[in-house]
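Below: one structure, written as structure tokens.
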2 protein chains.
Amino acid sequence: MAEEISGRSDQTRILQLLWGKTDTPKRGPKPKVALSDIVAAAVIIADAEGLEAVSTRRVAEAAGVSAMSFYTHVQSKAELLDLMLDHVSGAGSVPPPEWPQMDWRARMTLVAESLWQHYLTHPWVLQIETHRPVLGPNTMAAYEVALSAVADIGLDEIEMDLAITSLANYVTGAVRNAARAQTVKELTGMSDDQWWHAVAPFFETLDYSAYPLSARVGSIAGETYGLGDPGRAFRFGLDRLLDGMELMIARKVSTRK
Amino acid sequence: MAEEISGRSDQTRILQLLWGKTDTPKRGPKPKVALSDIVAAAVIIADAEGLEAVSTRRVAEAAGVSAMSFYTHVQSKAELLDLMLDHVSGAGSVPPPEWPQMDWRARMTLVAESLWQHYLTHPWVLQIETHRPVLGPNTMAAYEVALSAVADIGLDEIEMDLAITSLANYVTGAVRNAARAQTVKELTGMSDDQWWHAVAPFFETLDYSAYPLSARVGSIAGETYGLGDPGRAFRFGLDRLLDGMELMIARKVSTRK
DNA sequence: CATAACTTTGTACGGTGTAAAGAATTAAAT
DNA sequence: ATTTAATTCTTTACACCGTACAAAGTTATG
């Protein structure tokens, strides 16, 4: 019963934290650690050991405070996860020097690849189900760079947003298998390829007659590149998606003339 | 020290369960429930209350056995999750009657849309991080139907697999925002749109000069369809992806002649 | 110096996944 | 028919989880 506008203040609190718009209290002891220390500690743990290793006690200890002191900096674990998301979004928010000379397609490819790399570096990001879009400064900076990839090529604002959004959507979808394979390999030392060879004998005992196409395609695809190359599907789909965008752009430019 | 080939048997156990290739034991009491009862109970809970409501105790109780009896049917919770994944993959594995008359593009659109619907019906599927691809009968049946969408249009086996895989990749990526919005709305009663209007005042206090494109694009896109229509980005990207595939197919056909 | 505001800490609770041990049940071996 | 072995079910227990709550310590203001 302290806050009259509690409903709204809950919603905006995370945004205030992300943008550093919280008014620092005057009285009371100085905090032992800053919020960013806690978030950074959590990210280090998640990068090294996965999201399930990120417990409030672990993070508090790593940051140098006791378990419950954690909760004076962060309202809940869900809030910590949101903060972590924006924290790691820093990468890719600064375009390379040759950016101005690149055409839109090279730029979008670069955006897609850096996003791909981002998810492989922080695979736990894919596991977090946030309550709302995390509109922090780092996330917005990355969005800004992505938008600049398709600026001034004849798209209106809606199309620019759709182009970037669907590119990002595609990458997040395509990277899941790659991230899983990488994570599991790190944890168990067994690659998808090795796993495939371990279970292949079992599949030979199955009756495949109900799956004629799968049997044909699966075995040929398997022979060619195993289960082991999610990057190949990524690049294939990316090229198709960009081809489709090229078509749309060309169509727009021609009708405008 | 019971199994000599323990390393391998662990890997294939889940496959044996999925394909019903486990040899039923002769001695001992009859099980009170079947494995499928447990998996079905877990899926019902996940559909209704989300993945975090699926605890071993909850599932065991819902299935009608005591907490630890659960573990005689299933080796671990991870194994249960794998079984749940194949269990719900049944939908979309039977093509509609007009399938033979449809062209590849209409078919792939249908595959994408039914996959989209699948994830919205079972949003918890997106949260599960499996150890390995779950190659159960239902999953394979869905793959078979998807492959049949692009059979006999001039693609080789590798290209067929790549086309289907990248289509599925795209859908899983695009559906995440839609699933989140739907789930959060069900849980909190607040739509993304309502949330946006609740936090919009905060954003007006920010200095946007560092994000000129985002400010322009974001506000125009926001005015036009809020945060509220992930389906629009889905259809946009899908059309681009299919356009790109059309280009590839046309190129293949023309070089063959 | 008292007080109010604030951070930190310790204890505690209900929940989680599952290990371990024992009891009950069934089929095969004697 | 009785023992034996295999299997399921149940109980108890443990370490860990997120976090509510109360108490103690710390700092700026009245």
For the stretch B:96-114, give me each residue that is assigned to a helix (DSSP H, G or I) and not polar (S, T, N, Q).
B:99, B:100, B:104, B:105, B:106, B:107, B:108, B:110, B:111, B:112, B:113
Would you point out the residue of the stretch A:63-95, among those that are within 21 Å of residue A:129 (Cα to Cα) and in a loop (DSSP other than H, G, I, E, B), that is farthest from DNA strand C (Cβ to nearest atom)?
A:91
Among the residues of the stretch B:97-112, are any facing another protein chain (nearest Cβ under 10 Å) and not acidic (Asp, Glu)?
no
Do we have residue B:113 as among the acidic types (Asp, Glu), within 16 Å of DNA strand C (Cβ to nearest atom) and either at pLDDT 95 or above or surrounded by 15 or more Cβ atoms within 10 Å (Cβ to Cβ) (or both) here?
no
So residue A:65 fits all but one of (1) outside the structural domain of residue A:36 (by TED's automatic domain parsing); (2) modelled with pLDDT of 95 or more; (3) surrounded by 15 or more Cβ atoms within 10 Å (Cβ to Cβ); what number is the exception?
(1)
Out of the residues in the stretch B:119-131 that are in a loop (DSSP other than H, G, I, E, B) and in contact (Cβ under 8 Å) with a residue 24 or more places away in the chain, state the one that is surrounded by the fewest Cβ atoms within 10 Å (Cβ to Cβ).
B:130
Output the residue which, of all residues in the stretch B:242-257 that are over 11 Å from residue B:153 (Cβ atoms) and at pLDDT 95 or above, is surrounded by the fewest Cβ atoms within 10 Å (Cβ to Cβ).
B:247
Regarding residue B:139, is this residue surrounded by 17 or more Cβ atoms within 10 Å (Cβ to Cβ), touching an Asp or Glu at 6+ places or on another chain (Cβ under 6 Å) and either at the interface with chain A (Cβ under 8 Å from one of its Cβ atoms) or β-branched (Val, Ile, Thr) (or both)?
yes
Can you tell me which of A:60, A:46 is over 30 Å from residue B:193 (Cβ atoms) and either more than 16 Å from DNA strand C (Cβ to nearest atom) or within 14 Å of another protein chain (Cβ to nearest Cβ) (or both)?
A:46
Just to confirm my filter: which helices (runs of 4 or more DSSP H) fall fully inside the stretch B:143-234 and include at least 3 residues that are at the interface with another protein chain (Cβ under 8 Å from one of its Cβ atoms) and either under 21 Å from the mean Cα position of the chain (by Cα) or small (Gly, Ala, Ser) (or both)?
B:157-188, B:212-225
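The values are calculated or read from the model by the stated rules, or taken from the named source; none is laboratory data. Since the model is a prediction, treat every value here as computed from it, not as a measurement. Methodologically, a virtual Cβ is constructed for each residue, glycine included, from the backbone with ideal geometry; neighbour enumeration extends over all protein chains shown.
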